[in-house]
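**Q** My questions all concern the structure below.
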Amino acid sequence: MLKLPRAVFVVVLVMLVNMAAWAIVNRSVGERPWGGVINGVSYSGWREGDAANKSSDADIDRDMAALEGHVNNVRIYGVGDGLDRIVPIAAKHNLNVVLGGWIGKDPAANAKEVTHLIEVANANPNVVRVLVGNEALYRKDISAEDLIQLIERVRQQVSVPVSTAEAAYIWERDHPELADHVDFIAVHILPYWEKQPIDEAMHFLLNKYQEIASAFPDKHIYIGEAGWPSEGQWFGGAEPSLVNEARFTRDFLTLATERRFDYSIIEGFDTQWKREIEGTVGAHWGLWDVNRQPKFPMSGAVLESADWFWGCLIATLLAIFPVQWFVRRRHNLKLTGEIFYALLIQAVCSVLVWAVIAAMAEKIINTTTIAWIALIGAQIVLLALLLVDGYEFAEVLWANDRRRKFEPHNMLPSPDAPKVSIHVPCYNEPPHMVIETLNALVRLDYPNFEVIIVDNNTKDEAVWKPLEEHCKTLGERFRFFHLPQWPGFKAGALNFALSQTAPDAAFVGVIDSDYIVSPAWLRACMPYFDKTEVAFVQAPQDYRDGNENEFKRLCFWEYAGFFHIGMVQRNERNAIIQHGTMTLIRKAALQRVGGWAEWCICEDAELGLRLFECGYESVYLDHSFGQGLIPDSFSGYKTQRFRWAYGAVQILKQHWHALKAGDTLTRGQRYHFISGWLPWFADAAHVVFALAAILWSGLLLFKWVEFPPAVFLVPTLSVFIFKIVAGFWLYHARVKCSWRDKFGAAVAGMALSHAVARAVWQGLFTSGKPFFRTPKCAGRPALIQLFLMAREEIGLLLLLIICALSVIYVFDTPVDKPWGERLQNIQFNNRDVNLWVGMLGVQTMPYWAALFMVIVNVWPRKRVVESPAAKAMAEGIQVPPT
């Protein structure tokens, strides 16, 4: 009875928070009202589709009817391609026309256009002025001398004022002589294209107007274009938005009325066809939308999205079922944990709805739309990973109690305790290291065990012969086998050891050849096999050389996160990863499932999954009973993780049917085996995204694409920040180390991303990678060798840095200054540039981490400091719990 009110409370709270968030983001903005008739707007003459598709007379008539009563005149940019039809139709609706003639690079076409321009101007009394060319000098389509000749020709043959339309600097700086050949100055003043923030737009426009008026005091000034886009990418500090367009329009119209400006606003209607030639921003300068509806009122509040409530409602409905399902079923969490994860589910649904709404605004199918579809797909994967990480975060921090918490047994075993056969596989390992391992096994505080050492495929007799001789000195419990040419790698050696196991041994233990085990290992773990359903008992991997140098210290704490966070959580649902050291297995269960899989390079994790599929249970003791050696080099560290990731993909491919459905695994086991390896697939996707970011940056620099929308960049950066914060918080809760070590663990983990990505991609498309031995006691390689081992990471890092700097240089520096001065005047006020550079920065993090690990790996060695745990084990003292 108590669960229903709590569930209702959480659901209602999440709904209210979601609605508040949507309302705050889409809050209305009250701007200065304006009332009256607009002096003029520009009109392109085409509706939907490509610019070559002309509007019909009926279309033009409907457009002029929409403008009638709101506008005094319309400005058109040419008379060819049927645009001359606009003039008489405008007259029917009491609209005057500022008639333009389009001037391009073709002299013959220009002459034809001017002839037609003169004819139309003389034939239609509603033509009030003529513009010969629109920014033709800005585009460098024609010389000033040739343009002046065309202007003079028109002036001589029409009775209305004549000019040409150009940007302010063309009139003032480049070609002031134009003023001597025109009847008025037609200037374009567009603060957006001058990278001006909306707060500075009116001040900038008024200053430009006054500069032109001062430069040409005897000429009438006509502002041929003024306006602000409602959508698109930031340009410098200029943000396109509906609220900003409304604010600019109202302020400009008020200013123009007060100062008696002559003007034309760009433009009357949104023009979707401009998207292909001017990008998203080019399609959204209209005061009316493509459906010929006003985009905002001229007085009262303005909403950025009038339909935000429906987006909020859809997001709420999408989230309400998973939220209430989660709250009702996850009773092991405290109220804080339930609220946190429920809010996370709602946030994911809201972000997806936000992305889809933004994508639906792209009303045509083109390359941009295809990119949107790909980005939404990537967003779904990203947010799924966020939910997985967030769920682990909530469980670790706010679980009521651990349901499957196992402690080491401390009772002395009886003389007739079950016999354990301990298998130690090795291949080309340093003899002194393996001898230390065997000596530690002698001290096991357990009455009934044997040790089988299998050295397979080691060619150098000087490596394996000392082991054989040493085993003879340890007594009949120790048996040594050398297999010169043996298939199956480590799994093959373990299967051979299984075949040589004493018949009366009921259990098998496996340790790596570098592990020094605690004397208490067997007596602390074996009692858990009294429950017949238990197939294996697992203790964490641990390391005794974590204090040897800074590189190994970083690796040590990176390993610790998995064994003290991930494995503990997996144990709650009987879904741990079996790893092939410090593991004890019921021999009958091992034989029942067919032994170790020789096709898989992660035979240990694969065996554990097969045992779960047969209905067995596992026990995970979060206590260290043995310590091995950390790889000496970054290349060895990468090779080890490559093997784990490649093996994981092999396992997923082989066991996919059991993992996706069926009754061989529980829901919790399926969840952990899929979600646990999902971050490795995210690493694989990261490489693709990094390469795509490099390509996209190149296209940006050539202005062939636009910046990806903030709806994708903001959540991506937010997820990255969440993962960093959550990782530190989880380490604080479960792994007792300093903040320096927490940071080092994060760096070490990120440094492996590229190796994991390569393993995943190769695992998806191949199946026969050989077993990779992780070298131990190999010493550190030379600096040049380490840099070569990280050459791919360093290469990608350099490319991403170059892309980021190039984007900043091209989009965030003044274009009218020499390159040195441009670098000194970086503005950092373009949101799109900042987000994209931030995204590139996030992409570089794993590669910076790899470079850092390379440098640390060759740093001068610190004095070897043996850990207290390793010293205790060597002396045969029982190791206290971690």
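The values are calculated or read from the model by the stated rules, or taken from the named source; none is laboratory data. Just so it is clear, the structure is predicted and the values come from calculations on it, not from any experiment. Counting neighbours? That spans all protein chains shown, and the Cβs are built from the backbone with ideal geometry, glycine included. Keep in mind that these areas ignore ligands, DNA and RNA; they rest on the heavy atoms of the full protein, side chains included. Shrake-Rupley method; radii C 1.70, N 1.55, O 1.52, S 1.80 Å.
**Q** Pairs, please: C-beta under 9 Å, at least 6 apart or cross-chain, first residue polar (S, T, N, Q) and in segment 392-403, second open to solvent by 50 Å² or more (accessible area, probe 1.4 Å)?
**A** What qualifies is Asn400/His331; Asn400/Lys334.
**Q** Let me spell it out: the conditions are (1) under 23 Å from Lys195 (Cβ atoms); (2) free of Cβ contacts under 8 Å to residues at least 60 places away in the same chain, and Leu242 meets all of them except one. Which number is the exception?
**A** The one condition Leu242 does not meet is (2).
**Q** So which of Leu483, Leu441 ends up being aliphatic (A, V, I, L, M) and either free of Cβ contacts under 8 Å to residues at least 40 places away in the same chain or in contact with a helix residue (DSSP H, G or I) (Cβ under 6 Å, 6 or more places away or on another chain) (or both)?
**A** Selected residue: Leu483, the only one of Leu483, Leu441 that is aliphatic (A, V, I, L, M) and either free of Cβ contacts under 8 Å to residues at least 40 places away in the same chain or in contact with a helix residue (DSSP H, G or I) (Cβ under 6 Å, 6 or more places away or on another chain) (or both).
**Q** Can you say whether Val725 is on the phi < 0 side of the Ramachandran plot and open to solvent by less than 30 Å² (accessible area, probe 1.4 Å), as far as the supplied structure shows?
**A** no
**Q** Collect the residues in segment 302-326 that are open to solvent by less than 60 Å² (accessible area, probe 1.4 Å) and modelled with pLDDT under 80, keeping them in residue-number order.
**A** Val302, Ser305, Trp308 - these are the residues of segment 302-326 that are open to solvent by less than 60 Å² (accessible area, probe 1.4 Å) and modelled with pLDDT under 80.
**Q** How many residues are open to solvent by less than 50 Å² (accessible area, probe 1.4 Å) and either touching a Phe, Trp or Tyr at 6+ places or on another chain (Cβ under 9 Å) or at pLDDT 80 or above (or both) if we restrict to segment 700-709?
**A** Result for segment 700-709: 5.
**Q** Given the residues Ile118, Ile151, which is the only one that is open to solvent by less than 30 Å² (accessible area, probe 1.4 Å), within 16 Å of Ala186 (Cβ to Cβ) and more than 53 Å from the chain's Cα centre (by Cα)?
**A** Testing whether each residue is open to solvent by less than 30 Å² (accessible area, probe 1.4 Å), within 16 Å of Ala186 (Cβ to Cβ) and more than 53 Å from the chain's Cα centre (by Cα) leaves just Ile151.
**Q** List every residue pair whose Cβ atoms sit under 6 Å apart, with the two residues 6 or more apart in sequence or on different chains, where the first one lies in segment 71-91 and is in contact (Cβ under 8 Å) with a residue 24 or more places away in the chain and within 15 Å of Leu131 (Cβ to Cβ) and the second, anywhere, is open to solvent by 20 Å² or more (accessible area, probe 1.4 Å) and among the acidic types (Asp, Glu).
**A** Filtered contacts from segment 71-91: Gly80/Glu113.
**Q** Tell me, yes or no, whether segment 453-465 has at least one residue that is over 52 Å from the mean Cα position of the chain (by Cα) and within 21 Å of Phe496 (Cβ to Cβ).
**A** Looking through segment 453-465, at least one residue is over 52 Å from the mean Cα position of the chain (by Cα) and within 21 Å of Phe496 (Cβ to Cβ).
**Q** Please determine, by comparing only the residues of segment 154-172 that are in a helix (DSSP H, G or I) and hydrophobic (A, V, I, L, M, F, W, C), which one is surrounded by the most Cβ atoms within 10 Å (Cβ to Cβ).
**A** Going through the qualifying residues, I end up with Trp171.
**Q** Can I ask one more? Quick one: would you say Glu177 is in a helix (DSSP H, G or I) and surrounded by fewer than 17 Cβ atoms within 10 Å (Cβ to Cβ)?
**A** Taking the combined requirement at face value, the residue satisfies it.
**Q** Right, another one. Evaluate the following for Val128: is it surrounded by fewer than 23 Cβ atoms within 10 Å (Cβ to Cβ), of a type in the set (Val, Ile, Thr) and closer than 17 Å to Val41 by Cα?
**A** yes
**Q** Let me ask another. Kindly provide the set of residues from segment 37-59 that are buried (at least 17 other Cβ atoms within 10 Å of the Cβ) and modelled with pLDDT of 90 or more, ordered by number.
**A** Passing the criteria: Ile38, Asn39, Gly40, Val41, Ser42, Tyr43.
**Q** Could you list all residues from segment 12-36 that are open to solvent by less than 70 Å² (accessible area, probe 1.4 Å), modelled with pLDDT under 85 and within 42 Å of the chain's Cα centre (by Cα)?
**A** Trp22, Ala23, Asn26, Ser28, Val29, Gly30, Glu31
**Q** When segment 238-266 is examined, which residues are found to be small (Gly, Ala, Ser) and modelled with pLDDT of 90 or more?
**A** Within segment 238-266, Ala246, Ala256, Ser264 meet the criteria.
**Q** Criterion first (open to solvent by 60 Å² or more (accessible area, probe 1.4 Å) and part of a loop (DSSP other than H, G, I, E, B)) does Trp696 satisfy it?
**A** Values: open to solvent by 60 Å² or more (accessible area, probe 1.4 Å): yes; part of a loop (DSSP other than H, G, I, E, B): no.
Judged against the criteria, Trp696 is not a match.
Conditions tested, residue by residue: (1) assigned to a helix (DSSP H, G or I); (2) open to solvent by 10 Å² or more (accessible area, probe 1.4 Å); (3) farther than 30 Å from Arg443 by Cβ.
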| site | (1), (2), (3) |
| --- | --- |
| Ala575 | no, no, yes |
| Cys600 | no, no, yes |
| Gly608 | yes, no, no |
| Ser635 | yes, yes, yes |
| Ala645 | yes, no, yes |
| His672 | yes, yes, yes |
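**Q** Moving on. Could you say which residue among Phe204, Phe235, Phe184 is open to solvent by 10 Å² or more (accessible area, probe 1.4 Å) and modelled with pLDDT of 90 or more?
**A** Values: Phe235 fails: modelled with pLDDT of 90 or more; Phe184 fails: open to solvent by 10 Å² or more (accessible area, probe 1.4 Å).
Answer to the selection: Phe204.
**Q** Residues in segment 520-541: is at least one over 12 Å from Phe625 (Cα atoms), among the aromatic types (Phe, Trp, Tyr), open to solvent by less than 10 Å² (accessible area, probe 1.4 Å) and in a strand (DSSP E or B)?
**A** Yes, because at least one residue in segment 520-541 is over 12 Å from Phe625 (Cα atoms), among the aromatic types (Phe, Trp, Tyr), open to solvent by less than 10 Å² (accessible area, probe 1.4 Å) and in a strand (DSSP E or B).
**Q** Hey, can you tell me all the residues within segment 711-761 that are outside any helix (DSSP H, G or I) and over 20 Å from the mean Cα position of the chain (by Cα)?
**A** The answer is Val735, Lys736, Cys737, Ser738.
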